[in-house]
1. Report the residue count in region 64-101 for those that are touching a strand residue (DSSP E or B) at 6+ places or on another chain (Cβ under 7 Å) and either within 16 Å of ligand 2 (Cβ to nearest atom) or modelled with pLDDT under 95 (or both).
2. Looking at region 275-283, can you tell me whether even one residue there is within 27 Å of Leu211 (Cα to Cα), free of Cβ contacts under 8 Å to residues at least 12 places away in the same chain and surrounded by fewer than 15 Cβ atoms within 10 Å (Cβ to Cβ)?
3. Kindly provide the set of residues from region 21-51 that are within 13 Å of ligand 1 (Cβ to nearest atom) and at pLDDT below 90, ordered by number.
4. With surrounded by 15 or more Cβ atoms within 10 Å (Cβ to Cβ) and either under 14 Å from Ile368 (Cα atoms) or outside the structural domain of Leu376 (by TED's automatic domain parsing) (or both) as the only criterion, which of Val318, Val336 stands out?
5. Enumerate the helices (runs of 4 or more DSSP H) found wholly within region 109-217, keeping only those where 2 or more residues are polar (S, T, N, Q).
6. Can you tell me which residue is surrounded by the fewest Cβ atoms within 10 Å (Cβ to Cβ) among those in region 60-75 that are within 16 Å of ligand 1 (Cβ to nearest atom) and either under 30 Å from Arg124 (Cα atoms) or not hydrophobic (A, V, I, L, M, F, W, C) (or both)?
7. Name the pairs whose Cβ atoms lie under 8 Å apart, with the first residue in region 45-62 and of a type in the set (Asp, Glu), the second assigned to a loop (DSSP other than H, G, I, E, B), and 6 or more positions between them or separate chains?
8. Answer with yes or no whether Leu183 is under 17 Å from the mean Cα position of the chain (by Cα) and at pLDDT 95 or above.
Amino acid sequence: MISHRPALLCCLLLVPFAVDAAPQIGLPRGYSGEAQKLANSTYGPIPGESNVYNYYWGTDRPFPGNITDPIFPTEKSPPGADDGLWQDLLAAGWLMFEFYQQGVERFTERDFVKADMPKHTYRRIQEIRNNAAGHIRIFQNQISPSSIKPGPCKYSFPFKDPVSFLALLTILEISSMTFLTGLAQQPFISASRSALVAIAEVEARHEAWALMDLWDEDPFGGPSDTLFPYANEILESTATFIVSGSCPKENPKFPQHHSLQGKKKLPPLAAAKDSESLIPGSIITFEFLDPKNQPSFLASRRVTTQYYAVFFHGTLTVSIPIETAGWPEKRIRVMVPESFETKGVVVVVIAGSPGAETRESLVTGPAILLQQPRGLEQVLWHAGKE
Ligand SMILES: *[C@@H]1O[C@H](CO)[C@@H](O)[C@H](O)[C@H]1NC(C)=O
Ligand SMILES: *[C@@H]1O[C@H](CO)[C@@H](O)[C@H](O)[C@H]1NC(C)=O
């Protein structure tokens, strides 16, 4: 009898490991294997089934945000056609989750009430945080078992108080909507396109809530949200929130989707803070944010190449010739097309040809000019500076 006991104990201990451990191909040193359990898409709470992704009111990081190692491939078969795209989205999903998680950890219900926001603001932020955790799980599951599923980096967001946090929230949500409409052009698999639309719709709900409840604004953004075709360029601009060198070293480069591979990073563009305003009909001054990555405008004494400010709003594209000959001494100024409605966002790039019809024609990255609520970008800028 006695001799049976150790054997039974041993089996009880072994069973959970045998069920949990996913097959591994070359798990590098230093990783516990905890994250490998997530290679199994039915492990843990399932988005669409579990209310952890809706009604979890804790401040601790919810699943799968509490498991931060990359998930290594478990198969050697060829990767899925859209793996690169989903890896980029997972990296962006981590960034969004961490933004909300930081808000949940840093503020309380009272902080938002003191800032004149509705009492339930904190709960909504927790709920959006939970949705973002669900996005991480969905994106992990979209990547085939043959590709790595990236883990989070460390992030630094320019908010200082509840209001600047909510301002950045509004800008991030509307940027992700514009990003996803463009990204829908890239998947090879039709089901991936639908999955992107499904996620974009959730961002739209978050945005409508913010406009109505936080800013007392009209929740609608006009008959169409803005379609900007170079989605990865928007993603590229979010990389400024990543603390340099903080990503797991096995993560793929971010963003790494094929449309950016081997291409030089475009100079980041913004409307300078002394621009008249960002609304249609006002003059904006361009600012090139990275001193080490400034645009170059081709010009000789005789011939000046014509460049354009290309504005995207809704499904429209408007190109306006700009004066670059005196730059950088003379700043580049242009009027936001008067014909646009004051709704949603306007995206602008500088391009070497009207319409910016190819990625090669882009001279700068995109600047996002928020129309609703007016002046929010300035709120954020002042909060981030002080
Ligand atoms: C995946 O996880 C589920 C639930 O944890 C388990 O029942 C199933 O056996 C696992 N599948 C594999 C292939 O490990
Ligand atoms: C992560 O959170 C889930 C619940 O949301 C919990 O069941 C799990 O034990 C946690 N895992 C770790 C490693 O903290």
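1. Summing the residues that are touching a strand residue (DSSP E or B) at 6+ places or on another chain (Cβ under 7 Å) and either within 16 Å of ligand 2 (Cβ to nearest atom) or modelled with pLDDT under 95 (or both) in region 64-101 gives 3.
2. Pass one, region 275-283, residues within 27 Å of Leu211 (Cα to Cα): 275-283.
Add one more test, that the residue is free of Cβ contacts under 8 Å to residues at least 12 places away in the same chain, and what stays is 275-276.
Filter again for surrounded by fewer than 15 Cβ atoms within 10 Å (Cβ to Cβ), leaving 276.
Yes, region 275-283 contains at least one residue that is within 27 Å of Leu211 (Cα to Cα), free of Cβ contacts under 8 Å to residues at least 12 places away in the same chain and surrounded by fewer than 15 Cβ atoms within 10 Å (Cβ to Cβ).
3. Ala21, Ala22, Pro23, Gln24 - these are the residues of region 21-51 that are within 13 Å of ligand 1 (Cβ to nearest atom) and at pLDDT below 90.
4. Details: Val318 fails: either under 14 Å from Ile368 (Cα atoms) or outside the structural domain of Leu376 (by TED's automatic domain parsing) (or both).
That would be Val336, the only listed residue that is surrounded by 15 or more Cβ atoms within 10 Å (Cβ to Cβ) and either under 14 Å from Ile368 (Cα atoms) or outside the structural domain of Leu376 (by TED's automatic domain parsing) (or both).
5. Answer list for region 109-217: 121-142, 162-183, 190-209.
6. Applying the first criterion (within 16 Å of ligand 1 (Cβ to nearest atom)) to region 60-75 yields 63-64, 67, 71-75.
Next, only the ones that are either under 30 Å from Arg124 (Cα atoms) or not hydrophobic (A, V, I, L, M, F, W, C) (or both) stay: 63-64, 67, 71, 73-75.
Working: Phe63: 18, Pro64: 23, Ile67: 17, Ile71: 25, Pro73: 22, Thr74: 16, Glu75: 13.
The residue in question is Glu75.
7. What qualifies is Asp60/Asn66.
8. no
The values are calculated or read from the model by the stated rules, or taken from the named source; none is laboratory data. Worth saying up front: this structure is predicted, and the values here are computed from it rather than measured. Positions of Cβ are generated from backbone atoms using ideal geometry, with glycine treated the same way; all protein chains shown enter the neighbour counts.
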